[in-house]
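The values are calculated or read from the model by the stated rules, or taken from the named source; none is laboratory data. Quick caveat, the model's predicted, so the values are computed rather than measured. A quick note on method: Cβ atoms are made from the backbone with ideal geometry, for glycine too, and the neighbour counts reach across all protein chains shown.
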Amino acid sequence: MTLLPATQPPLPRLRPFERHLPPTRACAWLAGGWSDLWAAPWPSLAYGFAIFFASASLVGGMLFSGWDYILFPALAGFMVVGPLLATGLYEKSRRLEAGEPVRLADLLRVRAASGGQILFVGVLLCVLFLLWMRAAVIVYALFFGLRPFPGLGHVTAMLFTTPTGWTMLVVGSVVGSLFASFAFAVSVIAVPMLLAEQVDAFTAMGRSVALVWNNLPVMLAWGVIALAVFLLCVASGMAGLVIGFPLLGHGTWRAYRDVWSRS
């Protein structure tokens, strides 16, 4: 009788979502986003121009209506809903990867593989945005009471030349970073995943959080890059969004493919 050697099934990995990617890998995602941006560039540039036009219109509307007191929280909140706004850019990168034709209409009429599940993530991000706006107003009231907002011409002196202003900046930055970090964790992988795969929203968000947590150095590096690009866009009067927003959108798709697809 022939004896077969005993075999044991492989033990499950203790951290199945860990990919051991170095922080410098985020630079490769940015380079990949740049490559996708200039491969059939006009749809991406038109998409970026639409984001710029919408952002500039909202900023102008707030200033014209006297809502300048929520301008800074609104700009910060853009980082919360940004991953959802970039869905069309993920679709372009997916089409380039699959060798499919790319048209602007394809970026505007995206059909996610998960169907309507992507709407759940969108609702969550919008709720987070509204909560952040309310939290920003509360933080201001805690430090300055019922004092009216002094206007953009005087806010710099109020914030940077008084101890109360400095303290409010620190507290507001901490609170805002908590909102932005949570939004980043639940959406940076989840939204591209819902576009490309048949998966429910809660599973996608759970995987996104797990992948971010288990690959924290490289994901933090990508978050820093995204923040730096966005600040440059704001410094340019939002005009930089024409190129900066598509660059980050395509780069985020590269991050999703790199982090989630690795075994």
Report task. State whether the residues of the stretch 103-113 include one that is surrounded by 20 or more Cβ atoms within 10 Å (Cβ to Cβ) and assigned to a helix (DSSP H, G or I). Result -> yes
Query raised in the report: Can you tell which of L159, L142, L119 is over 15 Å from the mean Cα position of the chain (by Cα), assigned to a helix (DSSP H, G or I) and under 22 Å from L89 (Cα atoms)?
Result: L119
Query raised in the report: In the stretch 230-263, which residues are of a type in the set (A, V, I, L, M), farther than 15 Å from A28 by Cα and in a helix (DSSP H, G or I)?
Result: L231, L232, V234, A235, L241, V242, I243
Report summary line: The number of residues in the stretch 227-238 that are in contact (Cβ under 8 Å) with a residue 12 or more places away in the chain and within 16 Å of the chain's Cα centre (by Cα) is 6
Query raised in the report: Does R15 satisfy the criteria of being modelled with pLDDT of 85 or more and either touching a Pro at 6+ places or on another chain (Cβ under 6 Å) or in a loop (DSSP other than H, G, I, E, B) (or both)?
Result: no
Query - Count of the stretch 27-84 residues which are of a type in the set (A, V, I, L, M) and within 28 Å of A136 (Cβ to Cβ) - result: 17
Requested in this report: Identify, by number, the condition in (1) modelled with pLDDT of 90 or more; (2) assigned to a loop (DSSP other than H, G, I, E, B) that F182 doesn't meet.
Outcome: (2)
Report summary line: Taking the stretch 185-226 and keeping only residues that are assigned to a helix (DSSP H, G or I), of a type outside the set (A, V, I, L, M, F, W, C) and more than 14 Å from the chain's Cα centre (by Cα), one is left with T203, G206, R207, N214, P217
Report task. From L195, L247, L241, grab the single residue that is within 18 Å of G122 (Cα to Cα), in contact with a Phe, Trp or Tyr (Cβ under 7 Å, 6 or more places away or on another chain) and either surrounded by 16 or more Cβ atoms within 10 Å (Cβ to Cβ) or touching a residue at least 60 places away in the same chain (Cβ under 8 Å) (or both). Result -> L195
Report task. Check whether at least one residue in the stretch 67-90 is of a type outside the set (K, R), crowded, with 16+ Cβ neighbours inside 10 Å, touching a residue at least 60 places away in the same chain (Cβ under 8 Å) and not in a helix (DSSP H, G or I), and report yes or no. Result -> yes
